[in-house]
Amino acid sequence: DETTEEEPRPPYRWILIGPERSGTGLHVDPLWTNAWVTVLQGRKRWLLFPPHTPHESIGMIEGQPQIPSSIWFADYYEKVTSTSWPAEYKPIEILQCHGETVFVPAGWPHLVLNLELTVAVTHNYASEWGPFKRMCEDVVEEEPEFAVRWYAGLKKNGRDDLASCLPYTKKGC
């Protein structure tokens, strides 16, 4: 690991601790990253929507605050699990218990509700398998200083194929 205090990685690793009825509102993970979440204690209820699901139809409205998961379940759950909901937008439902790990693919809207006091660890990560070019564009736009270090690290490790996906490289940066 070449990371130093002057060159921190983005903060995409967390310990999550929350009481019953807490959780994470509907969102898509940042920068087109994948994630995994392992529950150490407690239980979590998940809904993951296919990436092509229209965001407005599930309560993700541009410019509006994220709906807390306990409220989302009360307001939207019956709608998205009804027989009239389009099959291509049906969510994947997961009941995650202690010791289990859930994988969240890049670009999938999802929300989580803690069913009891829950302790979990999570990590978001970049992968070359997936929408890598789109991820690179987002990193350059949202984390430009990290993008420069990432580009240098890819080049240093002989991954010119991946480094070439960073859009600013064509400008000589």
>> I'm told CYS97 meets every condition in (1) touching a Gly at 6+ places or on another chain (Cβ under 9 Å); (2) modelled with pLDDT under 95 except one. Can you identify the failing condition by its number?
In response: (2)
> What are the residues in the stretch 50-60 that are assigned to a loop (DSSP other than H, G, I, E, B) and open to solvent by 80 Å² or more (accessible area, probe 1.4 Å), if any?
Replying inline: HIS52
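Filter the stretch 61-76 for residues that are of a type outside the set (Gly, Ala, Ser), assigned to a helix (DSSP H, G or I) and surrounded by 16 or more Cβ atoms within 10 Å (Cβ to Cβ) and give the result. Break it down into steps so the answer makes sense when it comes.
From the stretch 61-76, those of a type outside the set (Gly, Ala, Ser) are 61-62, 64-68, 71-73, 75-76; that's our starting set.
Subset that is assigned to a helix (DSSP H, G or I): 71-73, 75-76.
Across the stretch 61-76, the qualifying residues are TRP72, PHE73, TYR76.
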> Between a first residue in the stretch 6-18 that is open to solvent by 90 Å² or more (accessible area, probe 1.4 Å) and a second residue that is modelled with pLDDT of 85 or more, which pairs have beta carbons less than 6 Å apart while being 6 or more apart in sequence or on different chains?
Replying inline: ARG13/HIS123; TRP14/THR122; ILE15/VAL121; ILE17/VAL119
> Residues of the stretch 23-37 being among the polar types (S, T, N, Q) and open to solvent by 30 Å² or more (accessible area, probe 1.4 Å), which ones?
Replying inline: THR24
> What about LEU47, is it within 18 Å of LEU95 (Cβ to Cβ), outside any helix (DSSP H, G or I) and over 17 Å from the mean Cα position of the chain (by Cα)?
Replying inline: no
> Restricting attention to the stretch 126-163, and to residues there that are over 16 Å from PRO30 (Cβ atoms) and aliphatic (A, V, I, L, M), which single residue is farthest from the chain's Cα centre (by Cα)?
Replying inline: ALA152
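Name the one entry in ALA147, ALA106 that is farther than 23 Å from GLY18 by Cα, touching a strand residue (DSSP E or B) at 6+ places or on another chain (Cβ under 8 Å) and either surrounded by 15 or more Cβ atoms within 10 Å (Cβ to Cβ) or at pLDDT below 95 (or both). Quick ask: steps written out before the conclusion?
On the way: ALA147 fails: touching a strand residue (DSSP E or B) at 6+ places or on another chain (Cβ under 8 Å).
The match here is ALA106.
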> Mind checking which pairs have a first residue in the stretch 40-63 that is among the hydrophobic types (A, V, I, L, M, F, W, C) and a second that is assigned to a loop (DSSP other than H, G, I, E, B) and open to solvent by 10 Å² or more (accessible area, probe 1.4 Å), Cβ under 7 Å, 6 or more apart or different chains?
Replying inline: LEU40/HIS98; LEU47/PRO91; LEU48/PRO91; LEU48/TRP108; PHE49/PRO91; PHE49/TRP108
> farther than 23 Å from GLU143 by Cα, in contact (Cβ under 8 Å) with a residue 60 or more places away in the chain and either touching a helix residue (DSSP H, G or I) at 6+ places or on another chain (Cβ under 7 Å) or crowded, with 18+ Cβ neighbours inside 10 Å (or both) - does that describe any residue in the stretch 85-103?
Replying inline: yes
>> Restricting to the stretch 47-67, name every residue that is more than 15 Å from VAL80 (Cα to Cα) and of a type in the set (Gly, Ala, Ser).
In response: GLY63
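The values are calculated or read from the model by the stated rules, or taken from the named source; none is laboratory data. For clarity, every value in this text was computed on a predicted model and none was experimentally measured. Cβ atoms come from the backbone with ideal geometry, glycine included; neighbour counts cover every protein chain shown. Surface areas here come from the heavy atoms of the whole protein model, side chains and all, with no ligands, DNA or RNA. Shrake-Rupley method; radii C 1.70, N 1.55, O 1.52, S 1.80 Å.
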